[in-house]
Amino acid sequence: MSVSAMDTPGRQGLPGMLLVHPDGSSFRFDPGALCLELLPTGGPGPLAYFEVLHGPEALVRWAGESRLAGGLDLAVSPAEVAAARRLRDALRRLAEARATGLPPAPEDLAAVNDAAAHPPLAARLTGAGAREWAAGATGSGLLSTVARDAVDLFTGAYAHRIRTCGGDDCRLLFVDTSRPGRRRWCSMERCGNRHKVRAHRARMTTADERG
Ligand SMILES: [Zn+2]
């Protein structure tokens, strides 16, 4: 069985992906790189709570909402969905290791390198100056493109700027590509705002205590 979609909703011109928490709340999150966009779809251990890659449709939907954008004619098999989850979990461990200065695990490097060994999605330039994707794309082509993006990220100019969000209990990972390099939060809308509210309360309390 495979699932294919000629057109996916894409980002509707907005930056980042719309993340929907299992509790129903949602916010936009731009982790700064394609490979990191795969991480919020679930993960190892307690992150299984956030799992959304339950079948081929879900991986096709993710691809359309990612920075690859819509217009992908993509056929995905259930085996490729399982491979996507393995690649994602390896990418998370590699990114967390990098963010905390630990060495990468050899089996996680192997997972990325195995995925990258397949032919990637074929990008095409249109007369209107837009990017489109060649027909006949597969799940393994998609995962190769994601894995190659990870190789670029981990060896690139921003490799030292891979971070975990500074929010309490937030495990979202991003790469800070801003010029000043001071990004702390997954999103201002979510963890940044919570921090502001908490800091404000702390100031009020101190002011109360001073009378
Ligand atoms: Zn956060």
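The values are calculated or read from the model by the stated rules, or taken from the named source; none is laboratory data. In this text, all values refer to a predicted model and were calculated from it rather than measured experimentally. Every residue, glycine among them, receives a Cβ derived from its backbone with ideal geometry; neighbour counts consider all protein chains shown. For the accessible areas, the whole protein counts, side chains as well, though only heavy atoms, and no ligand, DNA or RNA atoms are used. Shrake-Rupley method; radii C 1.70, N 1.55, O 1.52, S 1.80 Å.
Please go through the stretch 72-104 and give me each residue that is in a loop (DSSP other than H, G, I, E, B) and either modelled with pLDDT of 95 or more or out of contact with any helix residue (DSSP H, G or I) (no Cβ under 8 Å at 6 or more places or on another chain) (or both), ordered by number.
Asp73, Ser77, Gly101, Leu102, Pro103, Pro104
From the list Val146, Val151, pick out the single residue that is under 24 Å from Pro46 (Cβ atoms) and out of contact with any Asp or Glu (no Cβ under 8 Å at 6 or more places or on another chain).
Val146
Would you please list the contacts, defined by Cβ atoms under 6 Å and residues six or more apart or on different chains, that run from a residue in the stretch 76-97 that is free of Cβ contacts under 8 Å to residues at least 24 places away in the same chain to a residue that is surrounded by fewer than 23 Cβ atoms within 10 Å (Cβ to Cβ) and not in a helix (DSSP H, G or I)?
Ala97/Pro104
Taking the stretch 41-60 as the search range and keeping residues that are in contact (Cβ under 8 Å) with a residue 24 or more places away in the chain and in a helix (DSSP H, G or I), which one is most open to solvent (accessible area, probe 1.4 Å)?
Of everything passing the filter in the stretch 41-60, Tyr49 is most open to solvent (accessible area, probe 1.4 Å).
Return only the number of the condition from (1) touching a Lys or Arg at 6+ places or on another chain (Cβ under 9 Å); (2) open to solvent by 40 Å² or more (accessible area, probe 1.4 Å); (3) more than 10 Å from the ligand (Cβ to nearest atom); (4) part of a loop (DSSP other than H, G, I, E, B) that Gly181 does not satisfy.
(2)
When you look at Met204, is it farther than 20 Å from Arg92 by Cα and either within 16 Å of the ligand (Cβ to nearest atom) or buried (at least 20 other Cβ atoms within 10 Å of the Cβ) (or both), yes or no? Quick ask: steps written out before the conclusion?
Values: farther than 20 Å from Arg92 by Cα: yes; either within 16 Å of the ligand (Cβ to nearest atom) or buried (at least 20 other Cβ atoms within 10 Å of the Cβ) (or both): no.
No; evaluated as a whole, the condition is false for this residue.
For the stretch 140-178, which positions are in a loop (DSSP other than H, G, I, E, B) and of a type in the set (Lys, Arg)? Even if it seems obvious, please write down each step before you answer.
Taking the stretch 140-178 as the starting set, the residues that turn out to be in a loop (DSSP other than H, G, I, E, B) are 156-158, 165-172, 176-178.
The answer is Arg171, and nothing else.
Working carefully through the options Arg171, Arg131, Arg190, find the one that is surrounded by fewer than 18 Cβ atoms within 10 Å (Cβ to Cβ), more than 20 Å from Ala82 (Cα to Cα), of a type in the set (Lys, Arg) and within 16 Å of the ligand (Cβ to nearest atom).
After applying the criteria, what remains is Arg171.
So which residues in the stretch 113-139 are assigned to a helix (DSSP H, G or I), touching a helix residue (DSSP H, G or I) at 6+ places or on another chain (Cβ under 7 Å) and farther than 14 Å from Leu72 by Cβ, if there are any at all?
Ala115, Ala116
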